[in-house]
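Please read the structure below before turning to the comments.
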Amino acid sequence: MKFFIKKLGCPKNDVDGDYIAGQLISRGLERVADDDDADIVIVNTCGFILPAKEESINEILLYEQKKKQGNLKRLYVTGCLSQRYGEELKKEMPLIDGFFGLGKIDELADSVSNSAMPAGMVILDKAPELTYLAGNSRYVDPACPYDYLKIADGCDRFCSYCAIPYIRGRYRSRRIPEIIDEARLLVSKGKKEIILVSQEGTGYGRDFKDGTDIIGLLKRLEEIEDLEWIRLMYLHPGAVSNELIEFMSASEKILGYFDIPLQHISDNILEAMDRGAKRFEIERILDKIRETSPKNVIRTTFITGFPGETETEFEELLGFIEDFQFDRLGIFKYSPEEDTGAEKMKNQVPDEIALERQDILMSVQQEIAFNKNIALIDKIQKVIIDESKPGSRAVGRTGGDCPDIDQRVFVDGDNLKAGDIIDARVIMAEGYDLIARAEVSEK
């Protein structure tokens, strides 16, 4: 039997998808890259915000139609949407063979690999620990030189706009030896860059209450031979210490890439969001990052239209973005999530105002980003090649760019291959992307 996994949502979901694939392959099923070739489809859903829910539901309906037409034998749903709404979805989608919650990988694999299992199963209780993440059972896609490694799951922050703690449960870290084993597996499969993902990278280890922390994990990862780049994602502004900033800035392997979702800068809005940080603390952290190394890159996200956001508070956010000149920035319109504190707040901002504010901020950031790229012309950047095809420019990224969310570098050069980390001179800026030429080393 052949299976296809439709991955939706964040890289943490992608990692879960790889473990599902690994379990199915170990049971004798064949993974295919095209859903048209599959007998079985597993939709790994996202349920974070409304657009993600809608995308997941649309994909499920698409595959349900394929099954109805006889082009698919079995169809399963897992991930955040299944975790949150599995019972309701079962009532509306009777053709689905099973709904499985987060971490229920063994149960899903058992059902998929055994056609005698009853259809319509719903298994949604969250895995209390992360024992389902065991490095050797993971499928590793050889197609690109980077991969994601989940170091923790869940969240204890309970920001007022976010449903993740209710979906994914409390914060649970994986033990360092397990993470190192998986990192070694990825490197043995040719990965040059490992991207550490969780709901909060700075929270790693705090649930152990034994002194384990993110710096200790990073030090162990640095020791892995042939691992060139280590990227840490999702730093909480209330937990970024001077020690962490200095360590990341000085490391030869840990990238000076500071991914810190700030969400707003007005103290009133930050308090309403339950973010646990004030403007002066955020500015101190950002200044420290920039002062410690000019090579450091800061990425952040902001939310427009949060309940109660006044024109004055929006103007404060706009001015902050104009003044600070972020290297990478994303803007999201507030999306009300059921059962969260923000959903129940008064003074909900109309969608059209939130969208207008989002457009204004993205227009400002676009000019900032374009100017930063123009300033890189004729400068040499360290670039990792993600893909290379004969007759076309290789595609890569600088250390300041995460796959899928940041900009790309298109590189001219001979004999470039995926996984190469090269010096490249920027010769042109094209919007958010760069054109570069590989530097030829003198022999």
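Nothing in this text is a laboratory measurement; each read-out follows from the coordinates by a stated rule. Note that this is a predicted model, so its numbers are computed, not measured. Because the Cβ atoms are built from the backbone with ideal geometry, glycine has one as well, and the counts that use them run over all protein chains shown.
Roughly how many whole Å is it from the C-alpha centroid of the range 87-117 to that of the range 1-79? Taking the Cα centre of each part, the range 87-117 and the range 1-79 sit 11 Å apart. Approximating the spin labels as points 7 Å out from Cα along Cα→Cβ, the residue 114-to-residue 404 distance works out to 3.2 nm. Which of rounded, prolate or oblate describes the range 380-438 when judged by the alpha-carbon gyration tensor and an a/c cut-off of 1.5? It comes out rounded by the Cα gyration axes.
Within the same chain, aspartates and glutamates fewer than 8 places from residue 209 are excluded, and of the rest, those with a Cα less than 17 Å from its Cα are 129, 153, 156, 200. Each Lys or Arg adds one and each Asp or Glu subtracts one; over the other residues with Cβ under 12 Å from the Cβ of residue 174, this totals -3. In nm, to one decimal, how far is the residue 31 label point from the residue 339 one, both placed 7 Å along Cα→Cβ? Here the answer is 3.1 nm between the modelled labels.
The 3J(HN,Hα) values that the Karplus relation (6.51, -1.76, 1.60; θ = phi - 60°) gives for the range 389-403 are, in residue order, 10, x, x, 9, 5, 5, 10, x, 8, 7, x, x, 10, 8, x Hz. Gly and Pro appear as x.
Electrostatic bookkeeping for residue 233 treats Lys and Arg as +1 and Asp and Glu as -1; over the other residues with beta carbon under 11 Å from its beta carbon, the sum is +2. Loop-located trypsin sites (Lys or Arg not before Pro) in the range 366-415 (DSSP state other than H, G, I, E, B) with a sparse environment of at most 12 neighbouring Cβ atoms within 10 Å: 379. Highest GNM mean-square fluctuation among 136, 347, 268, for the chain modelled with Cα contacts below 10 Å: 347. What is the antiparallel percent of DSSP beta bridges lying wholly in the chain, to the nearest 5? Antiparallel bridges make up about 30 percent of those DSSP assigns within the chain. Within straight-line reach of residue 295, meaning a Cα separation under 23 Å, sit the following lysines at least 8 residues removed in sequence or on another chain: 192, 219, 253, 372, 379, 382.
The lysines within cross-link reach of residue 333, meaning a Cα-to-Cα straight distance under 16 Å and a gap of 8 or more places when in the same chain, are 53. In this simple spin-label approximation, residue 73 and residue 253 carry label points 7 Å from Cα along the Cα→Cβ vector, and these lie 4.4 nm apart. Ordered by the number of other Cβ atoms lying within 10 Å of each residue's own Cβ, fewest first, 236, 264 fall into the sequence 236, 264.
When the listed pairs 2/68; 91/346; 189/389; 66/91 are checked against a 24 Å cut-off, the alpha-carbon distance exceeds it for 91/346.
A Förster radius of 30 Å combined with the Cβ-Cβ distance from residue 430 to residue 55 puts the calculated FRET efficiency at roughly 0.60. Each of 63, 432, 171, 204 was scored by other Cβ atoms within 10 Å of its Cβ. Arranged with the fewest first, they read 432, 171, 63, 204.
Once the Cα-Cα distance is subtracted from the 0.36 nm per residue extended length, the residue 39 to residue 220 segment shows a gain of 61.0 nm. Within the chain, the selection of entire DSSP H helices by a Cα span of 15 Å or greater along the long axis and an average Kyte-Doolittle value of at least -1.0 returns 11-26, 50-68, 176-188, 279-292, 311-324, 351-374.
Local charge for residue 25 was computed over the other residues whose Cβ lies under 13 Å away, with Lys and Arg +1 and Asp and Glu -1, and equals +1.
The DSSP beta bridges internal to the range 135-323 are antiparallel in roughly 10% of cases. Computed over the chain, the per-residue total of -39500 (n - 2.57) for DSSP H runs of n ≥ 4 gives a 222 nm mean residue ellipticity of -11000 deg cm²/dmol, rounded to 500.
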